[in-house]
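Notes to accompany the following structure.
The values are calculated or read from the model by the stated rules, or taken from the named source; none is laboratory data. Only a predicted model underlies this, so the values are computations on that prediction, with no experimental measurement involved. So basically every Cβ, Gly included, is an ideal-geometry build from the backbone, and we count neighbours across all protein chains shown.
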Amino acid sequence: MNQKERMLAGLPYKAWMDGLAEEQLENKKRIYEYNLCRPDEGEKIERSIRDILGKAGKNVYILAPFHCDYGRHIEVGDNFVANYNCVILDVAKVVIGDNVMFGPNVSLLTAGHPIHHESRNSGYEYGIGISIGNNVWIGGHTVVNPGVSIGDNAVIGSGSVVTKDIPANVVAVGNPCKVLRTITEAERDYYHKDKKFDVSDY
């Protein structure tokens, strides 16, 4: 197995070998062009982000600046919105479902390093994939760590550090992120805490 194959298999690998550094450089060029698009260049923005991502559904909006390692290992579904300063370290696969929203400064980090300093200083690192279900909202300044899965309809409170899997249909928050409560059907009538909708088309 070469180092790229090891990386994609979730095994320890060295990131500067077997063409990996060159692949990252090519992606950095694509990211650079994307982040310099004028805000009124809609077609160029769409074309550029689709050239970066491995798979993208309909209505994908990632507000610049955006950063990722390879891009090709990221799959997003329909109606995806990521606010400013999204970072996705995609040395392993990142799969994001439909109708997902990220607040500003959200980081998905599949990359990791050994805990022991001697092992870490050897240059080996690893990547473990991240999976995010449908209808998920991740609040601003949230970090999602390697190997985490977030279930459908979950809401992750801002400033969270998600170190373990989060089930579907819950509000979770904190460092480390923990389930706060289940989302109920009664909440459908409220747009924020005790504030009820004053419209009927929600």
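Odds and ends about this structure:
- Scope the stretch 90-110; condition surrounded by fewer than 18 Cβ atoms within 10 Å (Cβ to Cβ) and farther than 26 Å from P39 by Cβ; matching residues: V95
- Verdict on A111 being among the hydrophobic types (A, V, I, L, M, F, W, C), in contact with a Pro (Cβ under 9 Å, 6 or more places away or on another chain) and under 29 Å from G151 (Cβ atoms): yes
- Any hit, the stretch 77-89, residues being acidic (D, E), buried (at least 16 other Cβ atoms within 10 Å of the Cβ), in contact with an Asp or Glu (Cβ under 8 Å, 6 or more places away or on another chain) and at negative phi: no
- Some residue of the stretch 100-116 being at pLDDT 95 or above, outside any loop (DSSP other than H, G, I, E, B) and farther than 25 Å from K14 by Cβ: yes
- Close pairs (7 angstrom Cβ cut-off, 6 or more residues apart or separate chains): closer than 13 Å to V144 by Cβ in the stretch 72-99, surrounded by fewer than 22 Cβ atoms within 10 Å (Cβ to Cβ) and among the polar types (S, T, N, Q) anywhere: V87/S107; V95/S131
- Criterion applied to G151, G139 was being out of contact with any Ser or Thr (no Cβ under 6 Å at 6 or more places or on another chain), within 19 Å of V76 (Cβ to Cβ) and surrounded by 17 or more Cβ atoms within 10 Å (Cβ to Cβ), and the one residue passing it is G151.
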